[in-house]
1. Look through PRO41, PRO12 and report the one residue that is modelled with pLDDT under 95 and more than 14 Å from the chain's Cα centre (by Cα).
2. Quick check on the range 82-102. Is at least one of its residues in contact with a Lys or Arg (Cβ under 9 Å, 6 or more places away or on another chain), loosely packed, with under 15 Cβ neighbours inside 10 Å and within 25 Å of ALA115 (Cβ to Cβ)?
3. Here are ARG37, ARG72: which of them is part of a helix (DSSP H, G or I), surrounded by fewer than 18 Cβ atoms within 10 Å (Cβ to Cβ) and either out of contact with any helix residue (DSSP H, G or I) (no Cβ under 7 Å at 6 or more places or on another chain) or not acidic (Asp, Glu) (or both)?
4. Just the residues that are assigned to a loop (DSSP other than H, G, I, E, B) and either of a type in the set (Val, Ile, Thr) or touching a Leu at 6+ places or on another chain (Cβ under 7 Å) (or both), please, taken from the range 40-60.
5. Hey, could you check the range 117-136 for residues that are surrounded by 15 or more Cβ atoms within 10 Å (Cβ to Cβ) and not acidic (Asp, Glu) and say which is nearest to the chain's Cα centre (by Cα)?
6. Of all residues in the range 111-155, count the ones that are closer than 25 Å to SER88 by Cβ and among the polar types (S, T, N, Q).
7. Mind checking which pairs have a first residue in the range 120-148 that is on the phi > 0 side of the Ramachandran plot and a second that is among the small types (Gly, Ala, Ser) and modelled with pLDDT of 95 or more, Cβ under 8 Å, 6 or more apart or different chains?
8. For the range 102-126, what are the residues that are of a type in the set (A, V, I, L, M, F, W, C), over 14 Å from LEU139 (Cα atoms) and either in a helix (DSSP H, G or I) or out of contact with any helix residue (DSSP H, G or I) (no Cβ under 8 Å at 6 or more places or on another chain) (or both)?
Amino acid sequence: MTEYGPGQGPGPEPITEDGLARLLGEQRFAVLATNKRNGHPHVSTVAYTWDPGERTVRISTTADRAKVRQLRNDPRAALHASGDDHMSFAVAEGTAELSGVTEAPGDATGRELLAMTPGFDDPADERAFFEQMVKDRRLVIRLHVTRLYGTVLSG
């Protein structure tokens with residue numbers, strides 16, 4: 001393996017909008033950055049889904065999380081997704097919208113949460129999923145992306 005020092009070896013290259021969207025779609029885990037009241041960032045690792053047609057990132061979370069409180073106060077957020085090589089990355093910036101908390105198995109929020117999963121073959125598993133989402137007090141963070149940027153490592 002070749003070792004590179006500062007200023008040597010492959011460097012970052014810009015990536016197209018399509019490339020950024022593809023990178024976001026290939027990953028499932030990323031870091032969400034929200035803003036604390038004191039102005040410092042709050043970061044958390046999240047599982048997400050990306051809808052390139054809507055330019056929306058969806059994240060399942062529980063109502064009691066710090067990120068939910070912070071997004072209620074300041075809806076600006078960014079999601080950083082690394083490529084498989086961890087040197088390529090995409091950042092999706094935008095404004096977050098919070099769904100209501102799922103309150104009844106199979107309600108609109110529960111269905112949106114279900115759409116973020118691979119689904120279930122057994123209807124009993126689907127019912128159990130909906131019931132668990134209600135118990136967890138889950139909701140969906142919808143990050144409406146207004147800006148995408150990132151790089152890939154050349155070479």
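The values are calculated or read from the model by the stated rules, or taken from the named source; none is laboratory data. Please read these numbers as outputs of a predicted model, since none were measured by experiment. Cβ coordinates were reconstructed from backbone atoms using ideal geometry, including for glycine residues, and neighbour counts include every protein chain displayed.
1. After applying the criteria, what remains is PRO12.
2. yes
3. ARG72
4. none
5. Once the filter is applied, the top-ranked residue is MET133.
6. 3
7. If the second residue must be among the small types (Gly, Ala, Ser) and modelled with pLDDT of 95 or more, the pairs left are ARG137/ALA63.
8. Of everything in the range 102-126, just one residue is of a type in the set (A, V, I, L, M, F, W, C), over 14 Å from LEU139 (Cα atoms) and either in a helix (DSSP H, G or I) or out of contact with any helix residue (DSSP H, G or I) (no Cβ under 8 Å at 6 or more places or on another chain) (or both), namely ALA124.
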